[in-house]
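The values are calculated or read from the model by the stated rules, or taken from the named source; none is laboratory data. It should be emphasised that the depicted structure is a prediction, and the values quoted were computed from it without experimental measurement. Positions of Cβ are generated from backbone atoms using ideal geometry, with glycine treated the same way; all protein chains shown enter the neighbour counts. What goes into the accessible areas is simple: the full protein's heavy atoms, side chains included, and nothing from ligands, DNA or RNA. Shrake-Rupley method; radii C 1.70, N 1.55, O 1.52, S 1.80 Å.
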Amino acid sequence: MGSKFSKIGFVLAVAGSAVGLGNAWKFPTLVGQNGGSAFILLYLFLTLCVGFVVFLAELSIGKLSEKDPVNAYAKLAPQHKKAWSLVGFTMLGAILIVSFYSLVIAWIAKYAVSSIFSLPKNIEQAESHFITLITNSPLVQILSFSLVFFLVFFIVSRGIKNGIEKLNVWMMPTLFILLIAMLLYALSYSGLTQAASFLFKPNFSKIGVDSVLSALGLAFFSLSLGVGTIITYSASLPDKTNFITSTLWIIFINILIGLMMGLIVFTFIFEFGADPSQQGPGLIFISLTTLFSHLGPVGNVLALCFFISLFFAGITSAISMIEPFAFYLINTFKFSRLKALVCIGIFVYALGLACILSSNESTHFELFGKSFFDVLDFLASNIIMPFGGIAATVFVGFVLKKEALKILFSPYMSGVFFELWYFFLRFIVPLIIIIIAINSIYPLQNFLGMLGIIVGMIV
């Protein structure tokens, strides 16, 4: 890559990759619906048992090879190099993600600008505005998407040190300051107490199979695993970096920002009697924009700060998804960084336009009964990411030499902890990821119900 991260740059870059739009609507909602702090404890446990294990596996591939995902597998595999190199193409999942993820960031940018001037007065008006944007405003979406697209690719074009690290070193602390400011303002509302109770009051009776599976999925996907990002970033990891403390800091930052966003979101949800079970774009673009309008001019300022925060979180995630494939083209075909990004950019821009046109009323089209946006999301999240995670654990656990891993981790991990990590890597985590993948495609409860019917028929 021609440059390496600083130690703090690596932590903030990977934390920026992990901290995304899901922190605003998925993480806090799952916490509230599944027993508050009981779910947080479960999530922490599973993050350390699953996400932490896979993260270190991908980190070891990147650090030992100092290559992009495709060439990393090829370099480290003692045999079947070509077959293993194909696993590295799971980084295409990141390209699929950034194409529709940039569109969501574009919606946020549009709402940030709109919030300066006006906010919808009620839920019906907010819903109408959002639906109009998605289905009847292709030019607005294309313009907003284009601006986000060029910003993201410009940042990545600056390289590891001057682009990705510099952005995260500036943007992540700014995001944190914005959230602190909004939390301080939220202190004046009684809804903060209800929000804190909703998020932190432990209710272990709400913990069930669905809670465990949700926490497992969140633990795995919230660390940007399975699409080559960690392998690529780790290839530029500075020497003598403590992998363990860096990873724990990344996990801590991700959870902290998720909880801060949760407190802000639910303070206003409870203050104005909105539905706390709602999540996804409806929570942000419909419910919250309406609630902010109740605060008068202060609401416009608060809405602007909130959408800027989301914009920062989205941008730091988006840039991390482009670097793996850019690094591959630079390494393999000796492309300049600019040429590599132009090739990737054409593909990403075309997919983004397809997402816009798929949902537009006049150009609407579907694949397998889903919008193009949903198809890309399904392929990346439910198929490519789990496969990439399983492949990394199998490769590190059964193909790489154990002695090489011991040498890599020995300065930062004692023998007992290394053996425990290695055992989980080989025998526990792959099974867990398979369960997550099956549940995301075909819910486990449906499978168990069908199994019960079959057993009943046999008996």
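Worth a mention:
- Whichever residue in region 1-50 is over 15 Å from the mean Cα position of the chain (by Cα) and among the charged types (D, E, K, R) and, among such residues, is modelled with the lowest pLDDT: 4
- Selection status of residue 69, under 30 Å from residue 265 (Cβ atoms), crowded, with 21+ Cβ neighbours inside 10 Å and not aromatic (Phe, Trp, Tyr): no
- Evaluating residue 48 against the criteria (1) closer than 21 Å to residue 265 by Cα; (2) surrounded by fewer than 22 Cβ atoms within 10 Å (Cβ to Cβ) leaves one unmet condition, (1).
- Within region 155-183, the set of residues being over 26 Å from residue 265 (Cα atoms) and under 21 Å from the mean Cα position of the chain (by Cα) comprises 155, 156, 160, 163, 164, 165, 166.
- Residues in region 370-424 that are within 22 Å of the chain's Cα centre (by Cα), of a type outside the set (Val, Ile, Thr) and part of a helix (DSSP H, G or I): 17 in all.
- Evaluation of residue 364 against the conditions (1) outside any helix (DSSP H, G or I); (2) surrounded by fewer than 14 Cβ atoms within 10 Å (Cβ to Cβ); (3) at pLDDT 95 or above; (4) not charged (D, E, K, R) shows that the sole unmet condition is (3).
- Residues satisfying the stated conditions in region 239-264, i.e. more than 19 Å from the chain's Cα centre (by Cα) and open to solvent by less than 20 Å² (accessible area, probe 1.4 Å): 241, 243, 264
- Of the residues making up region 77-87, none is crowded, with 22+ Cβ neighbours inside 10 Å and of a type in the set (Phe, Trp, Tyr).
- All helices (runs of 4 or more DSSP H) inside region 178-265 with 2 or more residues being over 20 Å from residue 45 (Cα atoms) and touching a residue at least 40 places away in the same chain (Cβ under 8 Å): 191-200, 229-235
- Members of region 94-146 that are more than 17 Å from residue 284 (Cβ to Cβ), under 25 Å from the mean Cα position of the chain (by Cα) and surrounded by 15 or more Cβ atoms within 10 Å (Cβ to Cβ): 94, 95, 96, 97, 98, 99, 142, 145, 146
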